[in-house]
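Beneath this line is the structure, given in structure tokens, with notes to follow.
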Amino acid sequence: MVIPVHSTEGEVLKEAEERELRDKLEGIAREVRWDIVRMIGLAQSGHPGGSLSCADILVCLYFQAMNHDPKNPDWRYRDRFVLSKGHAAPALYAVLARCGYFDREELWRLRRLGAMLQGHPDRLKTPGVEISTGSLGQGLAAACGMALGLRMDENPARIFALVGDGESQEGGIWEAAMLAGHHCLDSLTAILDHNGLQIDGSCCEVVSLGDVAAKWRSFGWDVEEIDGHDVIEVTRSLDRAGAASGRPYMIIAHTIKGKGVSFMENNVDFHGKAPSPEEMERALKEIERL
Amino acid sequence: MTPSQETRNTRDGYAAALLELGERDLRIVVLDADLAKSTQTEKFKLRFPDRFVDCGVAEQNLMATAAGLAATDKIVFASTFAIFATGRAYDQVRNTIAYSNLNVKICASHGGITVGEDGSSHQALEDIALMRAIPRMKVVVPADYYETREAVKAVAYIEGPVYVRIGRPKVPVLFDDTYSFDFGKALVLRPGRDVSMLACGFMAHKALQAAEELASGGIEAEVLDVHTIKPLDREGILESASRTGKVVTCEEHSVIGGLGGAVAELLAEEMPLPMRMVGIRDSFGTSGTADELVEHFGLGSRHIAEVVRGLCG
């Protein structure tokens with residue numbers, strides 16, 4: 001270990017802890033990416049691009065930020081996560097399986113008839129899924145409802161919602177943004193998976209979100225922008241979002257669609273297309289080398 | 001049962017039930033979309049401000065927020081006008097509430113043509129059809145003040161999503177304080193042997209009036225209050241229909257997909273027999289007073305009696 005000459009003892013300790021945390025989270029994220037590519041490849045159906053772009057964020061949530069118990073999914077004081085961009089279900093499933101909510105073998109039956117893991121999250125079928133999503137623009141409002149409900153019960157649990165940038169073209173996102181701001185829902189943290197691409201092309205070309213940070217600020221949210229693939233940045237940001245500020249918190253996470261697989265990165269074709277069996281093998285090897 | 005002259009607002013029945021529920025169960029939460037004065041949820045808001053959320057003019061958000069609240073073990077009453085609850089927010093109701101099987105009770109007022117002067121944009125004539133088509137959704141259309149009050153209290157404790165359709169105007173009172181609501185069970189309001197008249201909402205009263213008129217001409221009509229449209233009381237309806245051999249449905253709704261549609265589906269499979277449907281014949285509404293519109297769209301007792309005579313003739 002190289003010790004920077006100008007560091008104090010405390011800083012050295014912090015750096016060591018941080019390196020350990022980074023190694024841990026990046027290691028899990030690599031395994032999660034491998035699982036995502038394999039389950040979509042085996043299903044020959046699904047959304048790899050947006051699953052890979054949010055993989056690091058979900059790992060940071062479930063393995064660092066969130067207070068939850070996979071052995072007791074209904075635990076009253078658990079933090080809640082809502083996947084508003086429901087098509088990134090493979091990322092959520094891979095993370096839930098790795099946490100121990102269900103057997104990892106279920107991943108290889110994704111989207112099959114009778115499978116526990118549906119194309120989009122189904123709370124009645126999959127342990128750990130808080131609410132069914134898939135029709136875009138509704139998950140953030142559901143998260144607002146959870147925040148309101150827990151506040152009525154004086155339950156201190158936090159609520160996290162992952163929103164897509166293409167999804168942000170839905171009016172429902174902004175209705176929820178307004179409601180959360182109005183009701184000062186500071187137990188709510190939203191993360192925007194800002195990968196810049198949607199099915200028909202780049203979000204800027206389809207319908208631009210404009211100055212998205214300014215929009216969220218104007219709705220009464222605290223906003224910060226981060227690199228959504230830097231696990232330490234994500235973790236710190238999720239930590240800051242927990243402060244009782246009287247305002248909901250939006251983390252705009254700049255991400256890369258298809259992150260971790262060279263031929264999927266920033267490739268709009270892999271929004272909702274499964275890799276061929278050969279592409280899958282190539283992608284899995286790439287991820288193993290990460 | 002003879003038709004009463006006293007009228008009362010079904011929305012007041014809803015408000016009374018909410019107050020009673022709110023008093024005894026802390027899980028009861030009420031949401032509205034800037035219509036609390038119209039839907040009468042304002043009474044709950046004043047009594048239990050901490051368990052009331054006004055979502056503003058955003059019905060889609062209202063429904064998805066209701067789902068989230070229900071996911072924290074609340075029993076959520078979500079109110080707005082029927083047209084917005086079922087039309088504007090259909091996707092939220094289907095995909096976030098019903099698909100998740102959450103305890104959201106959508107109690108929508110201003111259902112049907114009797115909204116009156118506001119006209120077609122505010123007259124829900126397809127809401128029963130829309131809600132009935134959603135898996136896991138239950139549909140209740142109460143007939144008067146007391147039935148509304150008791151139905152709302154009952155559905156609070158029926159697992160999963162429920163749609164309760166409430167009207168705007170005062171309607172004749174059929175029952176009294178002793179009324180006990182039996183979810184899923186059609187209620188015989190008047191026995192008869194010649195024809196079964198199946199009605200919901202205030203049309204139960206119109207059907208009773210028509211039955212009186214028919215009796216003077218020698219036709220003994222049986223009148224059933226089919227307050228629960230889903231799940232439909234298959235046994236009760238088939239029992240009555242098998243005795244009378246003829247069925248007429250009466251509703252303040254399109255004949256496509258509502259009570260008439262539900263009964264037709266049942267009879268077509270189980271007991272095909274002559275049937276007529278009184279309702280809106282595939283058209284939009286229009287402005288006018290509630291009474292004028294009832295006559296204009298052929299929902300009045302005279303018209304119902306004519307339809308029955310045509311069937312029995």
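The values are calculated or read from the model by the stated rules, or taken from the named source; none is laboratory data. Bear in mind that the values here come from a model prediction, so they are computed numbers and not experimental data. Positions of Cβ are generated from backbone atoms using ideal geometry, with glycine treated the same way; all protein chains shown enter the neighbour counts. Side chains are part of the model used for accessible areas, which takes the heavy atoms of the whole protein and leaves out ligands, DNA and RNA. Shrake-Rupley method; radii C 1.70, N 1.55, O 1.52, S 1.80 Å.
Descriptive notes on the structure:
- Between 0 and 90°, nearest 10: helix B:145-155 axis offset from chain B longest Cα axis: 60 degrees
- A loss of 10 Å² or more of accessible area (1.4 Å probe, protein heavy atoms, ligands and nucleic acids excluded) relative to the isolated chain is seen in these residues of region B:85-107: B:Asp91, B:Gln92, B:Asn95, B:Thr96, B:Tyr99, B:Ser100, B:Asn101, B:Leu102.
- With only Cα atoms counted, region B:250-313 has Rg and Dmax values of 12.9, 40 Å.
- The protein assembly as shown, accessible surface, carbon-and-sulfur percent (1.4 angstrom probe): 49 percent
- In terms of overall dimensions, region A:1-157 has a Cα radius of gyration and Dmax of 17.8, 60 angstrom.
- Over region A:50-121, equivalent-ellipsoid semi-axes from the Cα gyration tensor in Å: 19, 15, 11
- Taking Cα centre as origin and charging only the Cβ of basic (Lys, Arg, +1) and acidic (Asp, Glu, -1) residues, the dipole magnitude of the protein assembly as shown rounds to 760 debye.
- Chain A - share of DSSP beta bridges that are antiparallel (%, nearest 5): 10 percent
- Extent along the principal axes, Cα only, for region B:98-173: 37, 27, 13 Å, with the longest axis given first.
- Averaged over the residues of A:124-130, the number of partner chain Cβ atoms lying within 10 Å of the residue Cβ comes to 1.
- Long pairs among B:Lys206/B:Lys230; A:Lys215/B:Lys230; A:Lys125/B:Lys230; A:Lys273/B:Lys230, criterion Cα-Cα beyond 32 Å: A:Lys215/B:Lys230; A:Lys273/B:Lys230
- Buried area at the A-B interface (accessible, heavy atoms, 1.4 Å probe, summed, Å²): 2000 Å²
- Helix B:59-70 axis, angle to chain B major axis (alpha carbon atoms, nearest 10°): 70 degrees
- 20 Å Cα-Cα reach of B:Lys45 towards lysines, excluding residues that sit fewer than 8 places from it in its own chain: B:Lys37, B:Lys74, B:Lys105, B:Lys153
- Selected from B:Val141, B:Met197, B:Val308, residue furthest toward positive end of dipole (chain B; charges at beta carbon): B:Val141
- Within 10 Å of each Cβ in A:170-179, the average number of Cβ atoms from other chains: 5
- Computed on the Cα atoms alone, the convex hull of region A:137-202 gives a volume of 68 cubic angstrom per residue.
- Convex hull of the protein assembly as shown built on C-alpha atoms - directionally averaged projected area, nm²: 30.4 nm²
- 15 Å Cα-Cα reach of B:Lys138 towards aspartates and glutamates, excluding residues that sit fewer than 8 places from it in its own chain: B:Asp127, B:Glu159, B:Asp182, B:Asp233
- Cα-based reach from B:Lys43 at 15 Å (exclusive), listing aspartates and glutamates while leaving out same-chain residues under 8 positions away: B:Asp12, B:Glu20, B:Glu23, B:Asp32, B:Asp34, B:Asp54
- Cα-centred dipole magnitude for region A:9-288, charges only on beta-carbon of K, R (+1) and D, E (-1), debye, nearest 20: 840 debye
- q = 0.14, 0.15 Å⁻¹, region A:9-288: log10 I(q)/I(0) [Debye, one scatterer per Cα]: -0.96, -1.11
- With all pairs of different C-alpha atoms in the average, the Kirkwood value for the hydrodynamic radius of region B:185-254 is 11.7 Å.
- Along each principal axis, Cα extent of region B:192-313, largest first, Å: 40, 33, 21
- Residue with peak Gaussian network fluctuation, chain A [Cα springs, cutoff 10 Å], from A:Glu224, A:Glu175, A:Glu18: A:Glu18
- Taken along its three principal axes, the alpha carbon spread of region B:1-86 comes to 45, 31, 23 Å, from the longest extent down to the shortest.
- Kyte-Doolittle mean at least -1.0, axial Cα span of 30 Å or more - DSSP H helices of chain A: A:9-43
- The mean accessible area for residues of the protein assembly as shown, using a 1.4 Å probe and ignoring ligands and nucleic acids, is 38 Å² per residue.
- Largest to smallest accessible area among B:His227, B:His303, A:His68 [probe 1.4 Å]: B:His303, A:His68, B:His227
- Across peptide B:68-80, the average count of Cβ atoms from other chains found within 10 Å of a residue's Cβ is 6.
- Charge dipole (the protein assembly as shown, unit charges on Cβ, about Cα centre) - positive-most of B:Leu238, B:Leu174, A:Gly10: B:Leu238
- As a calculated quantity, the FRET efficiency between B:Thr286 and A:Ala115 at R0 = 56 Å, using C-beta atoms, amounts to about 0.65.
- Lys/Arg +1, Asp/Glu -1 at C-beta; chain B dipole; positive extreme among B:Thr96, B:Cys55, B:Met275: B:Thr96
- Stokes-Einstein diffusion for chain B at 20 °C, viscosity 1.002 mPa s, with a Kirkwood radius from C-alpha pairs, works out to 112 µm²/s.
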